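The values are calculated or read from the model by the stated rules, or taken from the named source; none is laboratory data. This one's a predicted model, so the numbers in the text were calculated from it and none came from an experiment. FYI the Cβ positions are ideal-geometry reconstructions off the backbone, even for glycines, and counts take in every protein chain you see.
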Amino acid sequence: MTPEHKIASIRTIVETALKEDIGKGDLTSLACIEPNPMTAQIKAKCDGYLSGVKPVLIAFDIVDSANIIRPVKNDGDSFNTGDIIFEIEGFNQTVLTVERTALNFLGHLSGIASLTNQFVEKVKDTNCKILDTRKTTPGLRMLEKEAVTHGGGHNHRIGLFDMILIKDNHIASAGSISNAIKQTDQFLDTPDFRLQFDTTRDKIEIEVEVATTDQLAEAIDCGVMRLLLDNQSLDSLAAMVQKARAMNPAVMLEASGNVNLDTVASIAQTGVNYISIGALTHSAVSSDFTLLTHEG
């Protein structure tokens, strides 16, 4: 996605959020205040890592392009309680109209970035990378996955279209890992694949979920270079890592399941390359921000 297309997509997301909140208009602001110049600041009420600058800027622009909003901090920056995040010059009615939508984006996305950074800090002494998953809020995946990167994490596949991840249900339907890989190879050689996905097989990474050491060996024997080790105990995970490295030291290993801030360091120390964590996007607590105004 080009930067232009990305901004256009974010704008569409923000337009939907504003329509949901404003509807026919901000009845309270229209009813009880006269339009006057206003200055305002968005301040942090907690510590964390920032994400959501773009949707905030777009929200203010959509509601009233005459409003001037200046970011004091950038996406990916750390912030502390009391820090100024944005300075605003505009008009009271429209600033108050956009306030909640802007703060909702900022709080939600900064919460994801902040939680991600906590996990990243836990594994900083290893070579393991923290990954997100597809467990995202419908319609907000692009912004939420970007928030993960602002916290120092990395993106797994964006959707179903940019990577092959053969999981347990695929294996059951195909009959075995070997059959699933064989059918995958055949499909990637077809003109239909190249036409539909507008790419070539060398651009598509293949990952296979394995639950046992036998499945792990079968996948590696099939030439798979990336394995997902899901819901393993620490002892089982360590044994699978050891077996995989003995068979092919170059194979990339991803752990998932049973991951929290208390367990992530121990999981990383088994030698896996990645740890994927759904909680980054589905369980992050929103960061708290406030908009403070001064008219005149």
- [ ] Tell me, please, whether a residue that is in the same structural domain as Ile130 (by TED's automatic domain parsing), of a type in the set (Lys, Arg) and over 27 Å from Leu280 (Cα atoms) can be found in the stretch 164-182.
- [x] yes
TODO: Tally the residues that are of a type in the set (S, T, N, Q), out of contact with any strand residue (DSSP E or B) (no Cβ under 6 Å at 6 or more places or on another chain) and more than 20 Å from Arg157 (Cβ to Cβ), restricting the search to the stretch 104-133.
DONE: 4
Task: Unique match (being surrounded by fewer than 19 Cβ atoms within 10 Å (Cβ to Cβ), in contact with a Leu (Cβ under 9 Å, 6 or more places away or on another chain) and either outside the structural domain of Lys24 (by TED's automatic domain parsing) or under 15 Å from Thr149 (Cβ atoms) (or both)) among Asn127, Asn74 - done: Asn74
TODO: Please go through the stretch 272-288 and pick out each residue that is touching a helix residue (DSSP H, G or I) at 6+ places or on another chain (Cβ under 9 Å) and in a loop (DSSP other than H, G, I, E, B).
DONE: Val272, Ile277, Ser283, Ala284, Val285, Ser286, Ser287, Asp288
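Kindly provide the set of residues from the stretch 118-142 that are more than 17 Å from Gly48 (Cα to Cα) and hydrophobic (A, V, I, L, M, F, W, C), ordered by number.
If the condition is that a residue be more than 17 Å from Gly48 (Cα to Cα) and hydrophobic (A, V, I, L, M, F, W, C), then Val123, Cys128, Ile130, Leu131, Leu140, Met142 are the ones that fit.
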- [ ] List the number of the failed condition for Asn258; all other conditions in (1) under 26 Å from the mean Cα position of the chain (by Cα); (2) under 22 Å from Ile181 (Cα atoms) hold.
- [x] (2)
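If you check Asp168, Asp192, which single one turns out to be in contact (Cβ under 8 Å) with a residue 24 or more places away in the chain and not β-branched (Val, Ile, Thr)? Spell out the reasoning first.
Working: Asp192 fails: in contact (Cβ under 8 Å) with a residue 24 or more places away in the chain.
Sole residue among the options that is in contact (Cβ under 8 Å) with a residue 24 or more places away in the chain and not β-branched (Val, Ile, Thr): Asp168.
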Open item on the list: Looking at the stretch 182-201, can you tell me whether even one residue there is farther than 30 Å from Gln269 by Cβ, out of contact with any Ser or Thr (no Cβ under 9 Å at 6 or more places or on another chain) and among the aliphatic types (A, V, I, L, M)?
Closed with: yes
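Residues are listed down the side, and each one gets a yes or a no for (1) surrounded by 11 or more Cβ atoms within 10 Å (Cβ to Cβ); (2) part of a loop (DSSP other than H, G, I, E, B):
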residue: Ile7; (1), (2): yes, no
residue: Arg11; (1), (2): yes, no
residue: Lys24; (1), (2): no, yes
residue: Pro35; (1), (2): yes, yes
residue: Ile42; (1), (2): yes, no
residue: Ser51; (1), (2): yes, yes
residue: Val56; (1), (2): yes, no
- [ ] May I ask you to list the residues in the stretch 6-19 that are in contact with a helix residue (DSSP H, G or I) (Cβ under 8 Å, 6 or more places away or on another chain) and farther than 16 Å from Phe60 by Cβ?
- [x] Lys6, Ser9
Open item on the list: Looking only at the stretch 191-208, how many residues end up being outside any loop (DSSP other than H, G, I, E, B) and either out of contact with any helix residue (DSSP H, G or I) (no Cβ under 6 Å at 6 or more places or on another chain) or surrounded by fewer than 19 Cβ atoms within 10 Å (Cβ to Cβ) (or both)?
Closed with: 12
- [ ] Report yes if Leu228 is within 25 Å of the chain's Cα centre (by Cα), in a loop (DSSP other than H, G, I, E, B) and in contact (Cβ under 8 Å) with a residue 12 or more places away in the chain, otherwise no.
- [x] no
TODO: Mind counting the residues in the stretch 244-267 that are surrounded by fewer than 17 Cβ atoms within 10 Å (Cβ to Cβ), outside any helix (DSSP H, G or I) and among the hydroxyl-bearing types (Ser, Thr, Tyr)?
DONE: 1
